[in-house]
Amino acid sequence: MQVRMGLLNKHEDWSLEQFRSYWREQHSRLACQLTGLLAYQQNHVTDTAQRGISYKRGPESVDGISQLWFDDAERMDDAFSEALGKQLKTACGSGGTVKDGVIEVQGDHCERVMAMLQAQGRKVKRAGG
(Lines give C-alpha, C1' and ligand atoms only; values in the text may rest on other atoms or scores of the structure.)
Protein backbone atom coordinates (compact mmCIF):
# COMPACT_ATOMS: atom_id res chain seq x y z
CA MET A 1 0.00 0.00 0.00
CA GLN A 2 1.30 3.46 -0.93
CA VAL A 3 -0.19 6.65 0.52
CA ARG A 4 0.55 10.10 -0.86
CA MET A 5 -0.11 12.81 1.68
CA GLY A 6 -0.37 16.51 0.97
CA LEU A 7 -0.32 19.52 3.25
CA LEU A 8 -2.67 22.13 1.84
CA ASN A 9 -2.93 25.86 2.32
CA LYS A 10 -5.81 27.97 1.05
CA HIS A 11 -5.26 30.82 -1.40
CA GLU A 12 -4.52 34.00 0.52
CA ASP A 13 -7.59 35.74 -0.92
CA TRP A 14 -9.96 32.85 -0.06
CA SER A 15 -11.88 32.51 3.17
CA LEU A 16 -11.51 29.22 5.02
CA GLU A 17 -15.06 28.31 3.99
CA GLN A 18 -14.29 29.01 0.29
CA PHE A 19 -11.26 26.72 0.54
CA ARG A 20 -13.22 23.93 2.25
CA SER A 21 -16.08 24.20 -0.23
CA TYR A 22 -13.74 24.05 -3.25
CA TRP A 23 -11.78 21.16 -1.78
CA ARG A 24 -14.91 19.14 -0.94
CA GLU A 25 -16.87 19.83 -4.11
CA GLN A 26 -14.37 20.45 -6.94
CA HIS A 27 -10.98 19.06 -6.02
CA SER A 28 -12.39 15.78 -4.76
CA ARG A 29 -13.89 15.14 -8.22
CA LEU A 30 -10.47 15.64 -9.79
CA ALA A 31 -8.72 13.37 -7.30
CA CYS A 32 -11.26 10.61 -7.84
CA GLN A 33 -10.40 10.55 -11.55
CA LEU A 34 -6.85 9.30 -10.83
CA THR A 35 -6.37 5.86 -12.32
CA GLY A 36 -5.74 3.20 -9.68
CA LEU A 37 -6.87 5.36 -6.75
CA LEU A 38 -8.13 3.07 -3.98
CA ALA A 39 -9.17 5.70 -1.45
CA TYR A 40 -9.14 9.45 -1.02
CA GLN A 41 -9.36 11.16 2.35
CA GLN A 42 -9.63 14.84 3.20
CA ASN A 43 -8.66 15.96 6.69
CA HIS A 44 -9.91 19.49 7.32
CA VAL A 45 -8.02 21.27 10.09
CA THR A 46 -10.69 22.66 12.42
CA ASP A 47 -8.86 23.34 15.68
CA THR A 48 -7.05 26.68 15.70
CA ALA A 49 -4.48 25.22 18.10
CA GLN A 50 -3.55 22.78 15.31
CA ARG A 51 -3.30 25.56 12.73
CA GLY A 52 -0.52 27.57 14.36
CA ILE A 53 2.12 24.96 15.12
CA SER A 54 5.45 26.67 15.85
CA TYR A 55 8.78 25.18 14.83
CA LYS A 56 12.31 26.51 15.25
CA ARG A 57 12.24 27.70 11.64
CA GLY A 58 8.96 29.57 12.24
CA PRO A 59 5.22 28.88 12.41
CA GLU A 60 3.55 26.55 9.93
CA SER A 61 -0.04 26.94 8.83
CA VAL A 62 -1.94 24.03 7.32
CA ASP A 63 -5.60 24.20 6.30
CA GLY A 64 -5.94 20.57 5.26
CA ILE A 65 -4.19 17.24 4.84
CA SER A 66 -5.02 14.97 1.91
CA GLN A 67 -4.38 11.24 1.62
CA LEU A 68 -4.45 9.35 -1.67
CA TRP A 69 -4.17 5.56 -1.43
CA PHE A 70 -2.74 3.33 -4.18
CA ASP A 71 -1.71 -0.35 -4.38
CA ASP A 72 1.97 0.56 -4.75
CA ALA A 73 4.40 3.34 -5.70
CA GLU A 74 4.39 2.36 -9.39
CA ARG A 75 0.61 2.72 -9.69
CA MET A 76 0.76 6.03 -7.84
CA ASP A 77 3.45 7.38 -10.20
CA ASP A 78 1.45 6.15 -13.21
CA ALA A 79 -1.69 7.91 -11.97
CA PHE A 80 0.03 11.26 -11.60
CA SER A 81 1.85 10.94 -14.94
CA GLU A 82 -1.46 10.17 -16.63
CA ALA A 83 -3.20 13.12 -14.94
CA LEU A 84 -0.42 15.53 -15.92
CA GLY A 85 -0.41 14.17 -19.48
CA LYS A 86 -4.15 14.76 -19.76
CA GLN A 87 -3.75 18.32 -18.44
CA LEU A 88 -0.97 19.13 -20.92
CA LYS A 89 -2.79 17.59 -23.91
CA THR A 90 -5.97 19.49 -23.07
CA ALA A 91 -4.12 22.80 -22.69
CA CYS A 92 -2.38 22.28 -26.04
CA GLY A 93 -5.52 21.07 -27.82
CA SER A 94 -3.54 18.06 -28.93
CA GLY A 95 -3.38 14.30 -28.74
CA GLY A 96 -0.64 12.21 -27.24
CA THR A 97 0.06 9.36 -24.87
CA VAL A 98 1.48 8.47 -21.47
CA LYS A 99 3.43 5.24 -21.14
CA ASP A 100 5.90 4.12 -18.47
CA GLY A 101 5.94 7.60 -16.93
CA VAL A 102 6.80 9.30 -20.24
CA ILE A 103 4.38 11.95 -21.50
CA GLU A 104 4.20 12.58 -25.24
CA VAL A 105 2.20 15.50 -26.63
CA GLN A 106 1.60 15.54 -30.38
CA GLY A 107 2.61 18.63 -32.32
CA ASP A 108 5.03 21.48 -31.77
CA HIS A 109 4.09 22.53 -28.23
CA CYS A 110 7.48 22.37 -26.50
CA GLU A 111 7.62 26.01 -25.39
CA ARG A 112 4.03 25.98 -24.16
CA VAL A 113 4.49 22.73 -22.22
CA MET A 114 7.73 24.00 -20.67
CA ALA A 115 6.02 27.23 -19.58
CA MET A 116 3.11 25.32 -18.03
CA LEU A 117 5.43 23.01 -16.12
CA GLN A 118 7.52 25.94 -14.87
CA ALA A 119 4.35 27.71 -13.73
CA GLN A 120 3.60 24.63 -11.60
CA GLY A 121 7.00 24.98 -9.94
CA ARG A 122 8.63 22.09 -11.80
CA LYS A 123 12.23 22.14 -12.99
CA VAL A 124 12.28 22.00 -16.77
CA LYS A 125 15.18 21.25 -19.10
CA ARG A 126 14.81 21.06 -22.85
CA ALA A 127 16.50 18.04 -24.40
CA GLY A 128 16.83 17.07 -28.03
CA GLY A 129 15.71 19.17 -31.00
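The values are calculated or read from the model by the stated rules, or taken from the named source; none is laboratory data. On a predicted model such as this, the values are computed, not experimentally measured, just so you know. Every residue, glycine among them, receives a Cβ derived from its backbone with ideal geometry; neighbour counts consider all protein chains shown.
Against the definition (touching a Leu at 6+ places or on another chain (Cβ under 6 Å), at pLDDT 75 or above, among the hydrophobic types (A, V, I, L, M, F, W, C) and not assigned by TED's automatic domain parsing to the domain that holds K10), how does V105 come out, yes or no? Yes: the conditions hold for V105.
Cβ separations smaller than 8 Å between residues 6+ apart or across chains give the following pairs from the stretch 10-37 residues that are on the phi > 0 side of the Ramachandran plot to residues that are surrounded by 14 or more Cβ atoms within 10 Å (Cβ to Cβ): G36/F70; G36/R75; G36/M76; G36/D78; G36/A79. Within the stretch 76-86, does at least one residue satisfy the condition of being surrounded by 14 or more Cβ atoms within 10 Å (Cβ to Cβ), farther than 28 Å from R126 by Cα and modelled with pLDDT of 85 or more? The answer is no, given that none of the residues of the stretch 76-86 is surrounded by 14 or more Cβ atoms within 10 Å (Cβ to Cβ), farther than 28 Å from R126 by Cα and modelled with pLDDT of 85 or more.
If you check V113, V124, V98 for being surrounded by 15 or more Cβ atoms within 10 Å (Cβ to Cβ), free of Cβ contacts under 8 Å to residues at least 40 places away in the same chain and over 19 Å from Q33 (Cβ atoms), only one passes: V113.
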